[in-house]
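Reading through the structure tokens given below for one structure.
Only the coordinates and a few stated rules stand behind these numbers; no lab work does. These figures come from a predicted structure and were not determined experimentally. Virtual Cβ from ideal backbone geometry, glycine too; neighbours counted across all protein chains shown.
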Amino acid sequence: MEPEAARLIGAGLATLALAGVGIGMGNIFGSFVAGALRNPAAAPRVFGNLLLGFALTEAIALFALLIAFLLLFGV
């Protein structure tokens, strides 16, 4: 296999993590909305945890995108 083909395949595989991140964010926000509708008084107390979960999940997406860009454009 040529090195250029391996780089492109590796970058494509690295971006597969973005699909998992999208599913994870949907689960996070969907669970928050369902919980907030069941108990509106508790929604402000768990909002900080919601933002923390969002930030950590988004960090995984940024790391995966960074790896893909490093594989594509790195030396």
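Within the P(r) computed for the stretch 29-68, what percentage of the Cα pairs occupies the region above 12 Å?
Above the 12 Å cut-off, the stretch 29-68 has 62 percent of its Cα pairs.
Full extension from residue 55 to residue 7: what is 0.36 nm times the residue separation minus their Cα-Cα distance, to one decimal in nm?
Taking 0.36 nm per residue and subtracting the Cα distance, the gain is 14.4 nm.
Among 1, 25, which comes first, then next, by fewest other beta-carbon atoms within 10 Å?
Final ranking by Cβ density, sparse to dense: 1, 25.
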